[in-house]
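One structure is given here, and the rest of the page talks about it.
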Amino acid sequence: MANYEYVQGIFDCASSILTIGSNKAFKIAEDLSVMDSDERLTKLTTWARQRSLITANGVIAEI
């Protein structure tokens, strides 16, 4: 059986705002612009999963 991942959050690089679902938004204080995109998304996805903001199959996307 295939493992599927679903986008459950969007990170806006310009404003450093992470939006999860339609009712949760977080201003990220840490300067993530020094990281490459894959590192940044892994860090944000892990952070959101640890706080049960997204499911185990959920991921954060970037705009």
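Readers should treat all values here as calculations from the given coordinates under stated rules, not as data from a laboratory. Keep in mind it's a predicted model, so treat the numbers as computed, not measured. Don't worry about glycine lacking a Cβ; one is built from the backbone with ideal geometry, like all the others, and counts go over all protein chains shown.
Are any of the residues in the stretch 44-60 under 21 Å from N3 (Cβ atoms), without any contact (Cβ under 8 Å) to a residue 40 or more places away in the chain, touching a strand residue (DSSP E or B) at 6+ places or on another chain (Cβ under 6 Å) and not polar (S, T, N, Q)? Looking through the stretch 44-60, at least one residue is under 21 Å from N3 (Cβ atoms), without any contact (Cβ under 8 Å) to a residue 40 or more places away in the chain, touching a strand residue (DSSP E or B) at 6+ places or on another chain (Cβ under 6 Å) and not polar (S, T, N, Q). Of the residues making up the stretch 16-37, those that are over 10 Å from E62 (Cα atoms) and in a helix (DSSP H, G or I) number 3.
Do we find a residue being hydrophobic (A, V, I, L, M, F, W, C) and not in a helix (DSSP H, G or I) anywhere in the stretch 39-50? No; the residues of the stretch 39-50 include none that is hydrophobic (A, V, I, L, M, F, W, C) and not in a helix (DSSP H, G or I). Is it fair to say S33 is of a type in the set (G, A, S) and surrounded by 11 or more Cβ atoms within 10 Å (Cβ to Cβ)? It is false that S33 is of a type in the set (G, A, S) and surrounded by 11 or more Cβ atoms within 10 Å (Cβ to Cβ).
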